[in-house]
Amino acid sequence: LIYDLLDLSLGGTESVLWLMPNVELRQTLKLIQCVLIVSQFNIIFGIQTKICMVALFLARACEGFLFPLNDFFYGAVISLILIPAQWSEGTEKGQQYSWPRDLLVLQTSWIYFATAILKLGPSFLSGGDLYVRQNYLGKFLHWPYPEFYLKWISTLPANAFFSWTAILMELLLSLCLFLWWKKKNLRKKMRFLALVLVVLIHGFAALTTNVFFFGLSMIAQVFFLTR
C-alpha cells in the first residue's frame, strides 16, 4: 500500500512513459494504481477482503503485463497465493488455512537460494559487479561513505569478499527459512537467525547498492511469515 501510494503520487512507474505520449496508457496505469490502493486499504481494515484480494491480484497482474518488471509479477504471485487464505470455510472460526503461509515461506526460501546460485558467475564472484556499483555511488554520486571504506572498495579483493559473504548469507538464510518450516522445535532459533541475516543482507544492499524498498519489503515478509 505504501509503495503504491508513493508510486502514484510521485509518478514512479509513470516516468517510464516519458518517451511515449500515450494518454490512454497513462490513464490505464492510474486506474490500476487506484484499484491497487483501494483493494489494499480494504484488506488492511477487513473490508470485503475476499473480493479485494482477487481485485488486487488482477490489478497487479495487469500492471506487470503493461510494465514487465519482476517486482509486479512477484506481487501478483503473492496475491494469488493469499487468495485462499481469505476463504476459511471448513476451519474453526477465526482461523485460516495454513498452506498458503507454508507456500510463501518455501517460496521465500527458494528466492534466496536461487539468487545465491545465480550469483555464482565470474563477474560477481570476482567482485567486479560490486566494484562498479559501489564506486559509482561513492565517487560519482558522492554517497557519504567513510574515507576508509572508499579506499577498501577501490580494490577487487575487498569487493570479492563482500560478494562471497553475500552468497553464503543468502544460502544460510534460505536454509533457516526451510528449517523453520520443517522443524517446529527449531522455530525460535531459526526465526532469530533468519531475521538477523535478512536485516544484514538488505541493510548492506541498501547502503551499498541503493536498493531500498525491495529490501524493506523482504525484511517485513520474513518477519511476518515466521511469526
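The values are calculated or read from the model by the stated rules, or taken from the named source; none is laboratory data. Owing to the predicted nature of the structure, the values given are computational and were not obtained by experimental measurement. Note that we place each Cβ from the backbone using ideal geometry, even for glycine, and neighbour counts take in every protein chain shown. To get the accessible areas, we keep the full protein, side chains included, count just its heavy atoms, and leave off ligands, DNA and RNA. Shrake-Rupley method; radii C 1.70, N 1.55, O 1.52, S 1.80 Å.
Could you please report the charge total around LEU36, scoring K, R as +1 and D, E as -1 over all other residues with beta-carbon less than 13 angstrom from its beta-carbon?
Numbers: positive: LYS30, ARG60; negative: ASP4, ASP7, GLU63, ASP71.
Net charge in that neighbourhood comes out at -2.
Calculate the FRET efficiency for GLN27 and ARG133 from the Cβ-Cβ distance with a Förster distance of 25 Å, rounded to the nearest 0.05.
Working: r = 36 Å, r/R0 = 1.44.
Efficiency, rounded to the nearest 0.05: 0.10.
Based on Cβ point charges of +1 for Lys and Arg and -1 for Asp and Glu, what charge dipole magnitude is obtained for the range 14-158 about its Cα centre, in debye rounded to the nearest 20?
Working: 10 positive and 9 negative charges, 43 e Å.
In debye, rounded to 20, the range 14-158 gives about 200.
PRE reach from ILE81 (point 7 Å along Cα→Cβ): which of the range 99-115 fall under 12 Å by backbone N?
Label zone hits: 99-112.
If I model the range 30-134 as equal point scatterers sitting on the Cα atoms and use the Debye formula, what is log10 I(q)/I(0) at q = 0.13, 0.21 Å⁻¹?
The Debye formula, applied to the Cα set alone, gives -0.64, -1.09.
Label the range 168-227 by shape, choosing from rounded, prolate and oblate, from the square roots a ≥ b ≥ c of the eigenvalues of the Cα gyration tensor; if a/c is under 1.5 it is rounded, and otherwise prolate applies when a/b is larger than b/c, oblate when it is not.
prolate
By a straight-distance test (C-alpha under 27 Å), which lysines pair with LYS184 as possible cross-link partners, with residues fewer than eight away in the same chain excluded?
The qualifying lysines are LYS93.
For the pair SER126/ILE51, report the inter-label distance in nm, with labels modelled 7 Å from Cα in the Cβ direction.
5.8
Please give me, ordered by residue number, the chymotrypsin sites (Phe, Trp or Tyr not before Pro) of the range 23-80 that lie in loop per DSSP and have at most 12 other Cβ atoms within 10 Å.
Loop-located and lightly packed - PHE45.
Before rounding to the nearest 500, sum -39500 (n - 2.57) across all DSSP H runs of length at least 4 in the chain and divide by the residue total; then give [θ] at 222 nm in deg cm²/dmol.
-23500 deg cm²/dmol
Multiplying the sequence separation of ASP102 and ASN210 by 0.36 nm and subtracting their Cα-Cα distance, what value in nm do you get?
35.8 nm
Work through the residues other than ASN159 whose Cβ is under 11 Å from its Cβ and net out their charges, Lys, Arg +1 and Asp, Glu -1. Please list the in-between numbers first.
Details: positive: ARG133; negative: ASP129.
Taking every other residue near ASN159 into account, the sum is 0.
So, with +1 on the Cβ of K and R and -1 on the Cβ of D and E, and no other charges, what is the size of the charge dipole of the range 82-227 about its Cα centre, to the nearest 20 debye?
With only Lys, Arg, Asp and Glu charged at Cβ, the dipole is about 460 debye.
Cα-Cα pairs above 29 Å in the chain: how many percent?
Value for the chain: 41 percent of Cα pairs lie more than 29 Å apart.
If we count every other residue with Cβ under 12 angstrom of SER15's Cβ, Lys/Arg +1 and Asp/Glu -1, where does the sum land?
-1
Calculate one ³J(HN,Hα) per residue across the range 211-227 by plugging θ = phi - 60° into the Karplus curve 6.51 cos²θ - 1.76 cosθ + 1.60, and present them in order as whole Hz with x for glycine and proline.
10, 9, 5, 4, x, 4, 4, 5, 4, 5, 5, 5, 4, 6, 5, 9, 6
Per residue, what accessible area does the range 17-172 have, given a 1.4 Å probe and all protein chains present, in Å²? Walk me through the numbers before you get to the answer.
On the way: 9500 Å² over 156 residues.
Ligands and nucleic acids excluded, the figure is 61 Å² per residue.
Can you tell me the order of 208-216, 170-178 when each peptide is scored by its average per-residue count of other Cβ atoms within 10 angstrom, highest first?
By packing density, highest mean first, the sequence is 170-178, 208-216.
Once you put a point 7 Å from the Cα of LEU150 and another 7 Å from the Cα of VAL16, both along the Cβ direction, what distance in nm separates them?
That separation, rounded to one decimal, is 3.5 nm.
Enter the accessible area of VAL132 (Å², nearest 10), with the probe set to 1.4 Å and all protein chains included.
Accessible area, nearest 10 Å²: 100 Å².
I'd like the carbon and sulfur percentage of the solvent accessible area for the chain, probe radius 1.4 Å, heavy atoms only, ligands and nucleic acids excluded.
Accessible surface attributable to carbon and sulfur in the chain totals 73 percent.
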